[in-house]
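Q: One structure is given below, represented as structure tokens, and several questions about it will come after.
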Amino acid sequence: MLHSKTILPNASANLFLTDGGLETTLIFHEGYDLPYFAAFDLLKDEKGYNSIRDYYRRYLNIAKEFKTGFILESPTWRASSDWIEKMGYSNSAVAEVNQKAIQLLAELKEEFKDYLPSIVISGCVGPRGDGYKPGHIMTASEAREYHSTQIKVFADARVDMVAAITMNYAEEAIGIVHAANDLNLPVVISFTVETNGKLPSGPGLKEAIEKVDKSVKTPPIYYMLNCAYPTHFMEELQDGIEERWTERIKGIRANASCKSHAELDEAIELDRGNPQELGRENKRLKEKFSHLNVFGGCCGTDEEHIFEIIKQMTSSAAL
């Protein structure tokens with residue numbers, strides 16, 4: 001047996017897995033109704049709590065089989081003040097909901113600690129607005145103030161890091177980094193892009209990453225890309241292959257589908273894409289950008305996709 005130590009991905013060249021599309025799995029595979037795509041709402045009763053726990057276990061078992069590290073990303077993408085209030089919770093429930101989510105991950109880490117080389121507990125922060133559309137753009141100061149409430153709960157719960165997922169403009173990302181800096185928490189920023197490789201707000205990845213890095217006291221420990229298909233951003237990355245900003249990207253959580261955000265918004269059925277092809281696309285990314293070491297999935301992906309990604313990635317002796 002291994003005895004897991006908490007090694008963050010930026011401090012290791014080893015592969016780390018994370019989970020897939022939590023919300024799409026719960027809605028389309030398990031039949032749950034998630035208001036506002038809010039997975040944390042299931043933590044309120046035993047059935048929902050067990051469903052989320054079992055969901056993570058399936059991915060942890062893949063990491064166990066392939067002997068990779070694992071990032072337990074909390075089911076709190078929608079667990080910030082505005083979204084909680086929209087769902088009828090009191091604003092004071094932010095602390096309770098996020099604490100409960102982290103406690104679930106702590107239990108899972110304890111369960112699997114002897115089987116994986118590193119298990120990271122990450123407090124997940126989502127956008128204040130829509131994940132696909134910028135909508136009202138906050139200043140960095142406004143974003144810092146808004147997100148500090150949730151991030152303070154993560155700090156009190158002693159998470160290993162914070163990850164802001166599906167960021168679509170730089171100012172919100174900057175505010176989140178400031179809020180994490182205030183509490184001495186390592187932070188990861190994951191941007192989403194459109195089919196042209198640009199953020200929904202317009203800038204390219206280079207501009208967004210460099211802007212965040214230059215605007216904060218302690219930059220993110222790394223960046224990720226999520227909620228887009230690999231072919232949407234491959235060319236953008238290729239154009240900057242010898243530049244510092246591409247080296248700052250360590251992780252990929254791709255969608256199962258190659259459809260645009262607008263098409264996915266209108267879809268009434270889940271597009272699972274082709275798990276084998278998604279595995280090949282992720283392997284191509286790893287071959288071109290060897291420093292990438294965090295792989296998971298986003299909308300439409302499930303454990304079959306993650307299994308294919310790690311199976312294909314580890315099938316080559318060169319990797």
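Q: Among (1) crowded, with 18+ Cβ neighbours inside 10 Å; (2) part of a helix (DSSP H, G or I); (3) in contact with a Phe, Trp or Tyr (Cβ under 7 Å, 6 or more places away or on another chain), there is one condition Asp41 misses while meeting the rest; what is its number?
A: Exception for Asp41: condition (3).
Q: Okay, moving on. Considering segment 38-94 alone, what residues qualify as being touching a Ser or Thr at 6+ places or on another chain (Cβ under 7 Å), among the hydrophobic types (A, V, I, L, M, F, W, C) and over 17 Å from Gly21 (Cα atoms)?
A: Phe66, Val94
Q: Kindly list the number of the only condition in (1) under 14 Å from Val153 (Cβ atoms); (2) of a type in the set (S, T, N, Q); (3) free of Cβ contacts under 8 Å to residues at least 60 places away in the same chain that fails for Ser90.
A: Just one mismatch for Ser90, condition (1).
Q: I'd like to know if segment 108-130 contains one or more residues that are under 21 Å from Val188 (Cα atoms), without any contact (Cβ under 8 Å) to a residue 40 or more places away in the chain and either in a helix (DSSP H, G or I) or not hydroxyl-bearing (Ser, Thr, Tyr) (or both).
A: Pass one, segment 108-130, residues under 21 Å from Val188 (Cα atoms): 109, 117-130.
Right, trim to without any contact (Cβ under 8 Å) to a residue 40 or more places away in the chain and you get 129-130.
Still in the list and also either in a helix (DSSP H, G or I) or not hydroxyl-bearing (Ser, Thr, Tyr) (or both): 129-130.
Yes, the conditions are met somewhere in segment 108-130.
Q: Collect the residues in segment 20-37 that are of a type outside the set (Asp, Glu), out of contact with any Ser or Thr (no Cβ under 8 Å at 6 or more places or on another chain) and assigned to a loop (DSSP other than H, G, I, E, B), keeping them in residue-number order.
A: Within segment 20-37, Gly31, Leu34 qualify.
Q: Of the residues Ile176, Ile189, only one is modelled with pLDDT of 95 or more and in contact with a His (Cβ under 9 Å, 6 or more places away or on another chain); which? Walk me through it before giving the result.
A: Details: Ile189 fails: in contact with a His (Cβ under 9 Å, 6 or more places away or on another chain).
Of the residues listed, the single one that is modelled with pLDDT of 95 or more and in contact with a His (Cβ under 9 Å, 6 or more places away or on another chain) is Ile176.
Q: Right, another one. Hey, any hits in segment 72-86 for a residue that's outside any loop (DSSP other than H, G, I, E, B), in contact with a Phe, Trp or Tyr (Cβ under 9 Å, 6 or more places away or on another chain), acidic (Asp, Glu) and surrounded by fewer than 19 Cβ atoms within 10 Å (Cβ to Cβ)?
A: Within segment 72-86 (the criterion being outside any loop (DSSP other than H, G, I, E, B), in contact with a Phe, Trp or Tyr (Cβ under 9 Å, 6 or more places away or on another chain), acidic (Asp, Glu) and surrounded by fewer than 19 Cβ atoms within 10 Å (Cβ to Cβ)), the answer is yes, since at least one residue qualifies.
Q: Those residues that are in contact with a Ser or Thr (Cβ under 6 Å, 6 or more places away or on another chain) and either over 19 Å from Ser74 (Cβ atoms) or of a type in the set (Val, Ile, Thr) (or both), I need them from segment 176-195; list them, please.
A: Step one: filter segment 176-195 for residues in contact with a Ser or Thr (Cβ under 6 Å, 6 or more places away or on another chain), giving 179, 181, 192, 195.
Answer for segment 176-195, where residues must be in contact with a Ser or Thr (Cβ under 6 Å, 6 or more places away or on another chain) and either over 19 Å from Ser74 (Cβ atoms) or of a type in the set (Val, Ile, Thr) (or both): Asn181, Thr192, Thr195.
Q: Give the residue, chosen from Lys259, Lys311, Lys286, that is of a type in the set (D, E, K, R), touching a helix residue (DSSP H, G or I) at 6+ places or on another chain (Cβ under 9 Å) and surrounded by 18 or more Cβ atoms within 10 Å (Cβ to Cβ). Explain how you work it out, then say what you get.
A: Details: Lys259 fails: touching a helix residue (DSSP H, G or I) at 6+ places or on another chain (Cβ under 9 Å); Lys311 fails: surrounded by 18 or more Cβ atoms within 10 Å (Cβ to Cβ).
It is Lys286.
Q: In segment 212-250, what residues are among the β-branched types (Val, Ile, Thr), out of contact with any Cys (no Cβ under 7 Å at 6 or more places or on another chain) and more than 20 Å from Ala13 (Cα to Cα)?
A: Quick first cut of segment 212-250, residues among the β-branched types (Val, Ile, Thr) only: 212, 216, 218, 221, 231, 241, 246, 249.
Filter once more, so that each one left must be out of contact with any Cys (no Cβ under 7 Å at 6 or more places or on another chain): 212, 216, 218, 221, 241, 246, 249.
Within segment 212-250, Val212, Val216, Thr218 qualify.
Q: Need at least 2 residues that are under 20 Å from the mean Cα position of the chain (by Cα), over 28 Å from Thr314 (Cα atoms) and free of Cβ contacts under 8 Å to residues at least 12 places away in the same chain per element, so show me which helices (runs of 4 or more DSSP H) inside segment 193-290 make the cut, counting only ones lying wholly within it. Can you show your working first?
A: Details: elements: 205-215, 230-239, 244-247, 261-266, 275-288.
So the answer is none; nothing clears 2.
Q: Name the residues in segment 114-147 that are within 16 Å of the chain's Cα centre (by Cα), buried (at least 20 other Cβ atoms within 10 Å of the Cβ) and more than 17 Å from Val177 (Cα to Cα), would you?
A: Ile119, Val120, Ile121, Gly131
Q: Continuing with this model, one more query. Looking only at segment 291-319, which residues are within 19 Å of the chain's Cα centre (by Cα) and in a helix (DSSP H, G or I)? So that I can check it myself, show each step before the final result.
A: Filtering segment 291-319 for residues within 19 Å of the chain's Cα centre (by Cα) gives 291-310.
Glu303, Glu304, His305, Ile306, Phe307, Glu308, Ile309, Ile310, listed by residue number.
Q: Looking only at segment 162-183, filter to residues that are aliphatic (A, V, I, L, M) and outside any helix (DSSP H, G or I); which one of those is farthest from the chain's Cα centre (by Cα)?
A: Residues of segment 162-183 aliphatic (A, V, I, L, M): 162-165, 167, 170, 173-174, 176-177, 179-180, 183.
With the extra rule that they be outside any helix (DSSP H, G or I), the set shrinks to 162-165, 167, 183.
Details: Val162: 10, Ala163: 6, Ala164: 7, Ile165: 5, Met167: 10, Leu183: 20 Å.
If we take residues in segment 162-183 being aliphatic (A, V, I, L, M) and outside any helix (DSSP H, G or I), then Leu183 is farthest from the chain's Cα centre (by Cα).
Q: On to the next question. For segment 87-103, name all the residues that are buried (at least 19 other Cβ atoms within 10 Å of the Cβ) and either closer than 24 Å to Leu264 by Cα or among the aliphatic types (A, V, I, L, M) (or both).
A: Scanning segment 87-103 gives Val94, Val97, Ala101, Ile102.
The values are calculated or read from the model by the stated rules, or taken from the named source; none is laboratory data. Fair warning: this is a prediction, and the values are worked out from it, not measured in the lab. Here the Cβ is made from the backbone with ideal geometry for all residues, glycine too, and neighbour counts use every protein chain on show.
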